[in-house]
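Only one structure is covered here, and it is reproduced in the block below.
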DNA sequence: GCGCTCTGATTAATCGTTTAAGCAAAGCCT
DNA sequence: AGGCTTTGCTTAAACGATTAATCAGAGCGC
């Protein structure tokens with residue numbers, strides 16, 4: 001027994017008005033040749049019957065499902081709410097639904113997750129890769145959101161520029177010795193952010209990078225970063241490559257009795273949910289996720305419309321980098337005398 | 001021009017083996033009457049051709065899309081990554097895809113988001129409501145994940161028990177004056193958690209609740225909570241109803257020079273991503289989101305299979321509450337002499 | 001008047017799958 | 001041997017939309 005959906009379909013509208021289904025279809029889509037008044041009448045009738053087209057029927061005929069896949073190999077990413085929200089909004093504005101797929105952090109199951117999406121015949125995919133995983137060619141157009149230096153990247157925040165602005169902000173406050181705190185050296189995003197920060201160093205300044213995952217391989221997850229020692233070595237600013245690491249630095253420094261921002265400054269990236277409400281609130285770089293999502297989705301829908309896309313084509317966008325915005329809050333301040341009593345004195349920068 | 005999908009379909013397999021499509025369909029689904037050896041042969045051939053069934057064709061015929069909708073009116077919820085991951089995992093194990101819908105926090109557009117899902121003919125929906133929004137009947141089975149006291153709730157963590165365990169933990173450590181920190185008084189979840197904590201109070205103990213959103217209506221977003229004053233009033237434990245509020249309390253107390261856990265204890269809920277890595281790491285209650293998702297999805301798929309579900313039926317599960325687990329970390333400790341020097345002395349519990 | 005175009009509709013095929021119904025052959029019982 | 005069930009497969013009809021092809025009629029120029 002073929003289950004018929006509750007709502008009305010094209011043929012019900014057609015028989016009800018005494019016309020053919022083709023005419024109804026044409027009237028609603030505005031494609032064929034239908035007289036103006038008949039179009040009017042059909043649309044009116046369809047509206048009052050509460051007609052909603054069956055995506056299944058349409059998909060079967062056109063070969064398009066009207067659904068985009070969102071692949072997040074690192075779904076535990078705290079940015080996920082913002083990403084998902086932005087993509088869903090942009091996609092639904094373009095008439096698409098969003099199907100999520102997750103590989104639970106395991107890189108091996110990433111292809112499996114992609115396959116699940118292909119089986120559901122998504123029209124395109126947006127992939128936010130973890131680390132530098134090569135995206136194997138899939139059976140549909142693919143947009144990649146990572147960072148400009150990732151090969152095949154479609155659109156992303158300008159992480160390099162973001163790093164540069166953080167550096168300019170800190171140097172403008174008088175800081176000369178900056179500790180960059182990252183999580184993982186293999187992350188293209190974190191590398192670009194760190195590169196941007198280093199590009200802002202002026203002569204006589206010093207930047208050093210601390211990679212947390214290396215530390216944790218020895219000390220275990222959640223181990224101390226030894227930041228108090230770094231303060232004693234003369235570092236006055238701690239530029240984390242993500243707000244998660246900034247938060248970690250902030251609490252560790254506070255626990256060691258170091259005051260922020262009077263003693264040292266702490267900055268982050270991404271403007272995550274806790275950043276405005278911790279004490280002191282975090283100075284950070286915000287990415288315009290809405291705009292990035294919009295660009296990615298429109299690049300994807302363009303590729304879907306013009307069917308020139310060969311299988312597994314990575315789509316490109318005219319705008320590949322979206323500027324990040326500096327959000328100055330309480331955790332960064334002038335490099336003043338407050339730090340003096342904590343320093344050994346030999347590093348004066 | 002009807003676009004044919006790249007892969008093979010049933011009829012290609014059928015002609016290639018000289019049988020009918022019906023037989024192929026039956027062989028693959030194991031439904032009709034097909035001889036054992038022919039089943040073997042067909043499945044083998046299908047596998048080597050890399051056959052994947054068209055969801056569109058199947059959906060059209062069966063009236064089922066094989067997709068569940070996930071509605072999160074409060075998508076900014078920091079729990080979202082865990083929720084989405086758990087639901088996606090449970091759904092894909094049951095052979096379903098997950099379509100997300102978001103109402104951007106706006107309660108008015110919640111119905112619109114639900115409608116988008118209905119248009120894409122999802123077979124069922126999982127709704128995680130914000131506040132106490134009544135779920136209006138939709139055109140498919142609906143599972144609600146909130147808390148036991150929400151009418152129509154399908155399955156949820158046992159927030160009351162979680163609160164009770166936090167209370168027992170803190171009283172066991174000798175705390176007698178506990179400040180409960182919540183965000184919003186209208187949240188069923190937060191109310192249940194607070195209720196659980198209060199239920200654990202023994203004679204002579206005192207619990208008070210601080211609602212942040214009320215404070216912020218006057219003081220603005222991110223305003224101080226005045227916790228140092230509370231410490232002076234004799235509170236030795238701060239039990240936040242979410243790790244986000246716990247983090248806020250933790251940093252504010254640290255900034256005021258109050259040491260955790262030697263001076264006061266701080267606990268949270270949900271075991272969010274930062275909880276293990278801040279200093280001191282957060283004692284918190286973890287919910288078994290995987291199990292909750294599994295129960296919700298199986299309740300939903302059961303309702304879908306047995307089509308007795310009238311439109312808009314809220315499904316129920318045999319197990320409505322899933323126990324929470326106490327995670328003891330560094331932010332809670334004995335109510336000892338460390339607090340003495342900060343207290344006025346009149347409240348000794 | 002004849003042929004031409006243009007308009008406004010219909011007819012029918014098609015996408016890929018599921019499934020009820022039909023049918024031939026074989027096996028079994030009395 | 002005749003009637004019965006069982007087995008193993010095929011036929012065909014859907015599901016709901018899109019769209020190429022067709023067709024009837026009107027308008028019009030020469």
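A short reminder: the numbers here are calculations on the coordinates, not readings from a lab. Fair warning: this is a prediction, and the values are worked out from it, not measured in the lab. Quick reminder, even Gly has a Cβ in these numbers, built from the backbone with ideal geometry, and neighbours come from all protein chains shown.
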Taking every residue of A:58-64, the Cβ atoms of other protein chains inside 10 Å of its Cβ average out to 5
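If we count other beta carbons within 10 Å of each Cβ, what is the order of A:313, A:289, fewest first?
The order, fewest Cβ neighbours first, is A:313, A:289.
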Normalised by the residues of the stretch B:10-53, what does the relative contact order come to in percent, with Cα pairs under 8 Å and at least six apart?
33 percent
Beta carbons within 10 angstrom, averaged per residue: use that to sort the peptides A:241-250, A:92-101, B:292-301, highest first.
A:241-250, B:292-301, A:92-101
Nearest 0.05, what FRET efficiency do residue A:108 and residue B:213 give at R0 = 35 Å with Cβ-Cβ as r?
0.20
Determine the shape class of the stretch B:10-53: with a ≥ b ≥ c the square roots of the Cα gyration tensor eigenvalues, call it rounded for a/c under 1.5, and otherwise prolate if a/b is greater than b/c, oblate otherwise.
rounded
Over the stretch B:1-133, what is the mean sequence separation of C-alpha contacts under 8 Å (at least six apart), divided by residue count, expressed as relative contact order in percent?
24 percent
Global size of the protein assembly as shown as Cα Rg and Dmax, reported in angstrom:
28.4, 92
Averaged across the residues of B:76-86, what count of C-beta atoms belonging to other chains lies within 10 Å of each residue's C-beta?
5
Efficiency by 1/(1 + (r/R0)^6): what FRET value for residue B:119 and residue A:221, r their Cβ-Cβ distance, R0 = 35 Å, to the nearest 0.05?
0.20
On full extension of the chain, what length is gained from residue B:205 through residue B:35, given 0.36 nm per residue of separation minus the C-alpha to C-alpha distance?
53.8 nm
Rounded to 10°, Cα long-axis angle of helix B:289-305 versus longest principal axis of chain B
40 degrees
Sequence gap at least 6, Cα distance under 8 Å: using those rules, report the relative contact order of chain B to the nearest whole percent.
18 percent
Over all residues in B:265-273, what is the mean tally of Cβ atoms on other chains that come within 10 Å of each residue's Cβ?
1
Calculate, for residue A:76 and residue A:327, the FRET efficiency according to 1/(1 + (r/R0)^6) with r their C-beta to C-beta distance and R0 22 Å; round to the nearest 0.05.
0.40
Helix B:110-119 sits at what angle to the longest principal axis of chain B, using alpha carbons and giving 0 to 90 degrees rounded to 10?
20 degrees
Roughly how tilted is helix B:243-255, in degrees to the nearest 10 and between 0 and 90, from the longest Cα axis of chain B?
30 degrees
Specify whether the C-alpha gyration tensor of chain B places it in the rounded, prolate or oblate class, a ≥ b ≥ c being the square roots of the eigenvalues: rounded for a/c under 1.5, otherwise prolate if a/b is larger than b/c and oblate if not.
prolate
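Taking a ≥ b ≥ c as the square roots of the eigenvalues of the Cα gyration tensor of the stretch B:48-110, is the shape rounded (a/c under 1.5), prolate (a/b larger than b/c) or oblate?
oblate
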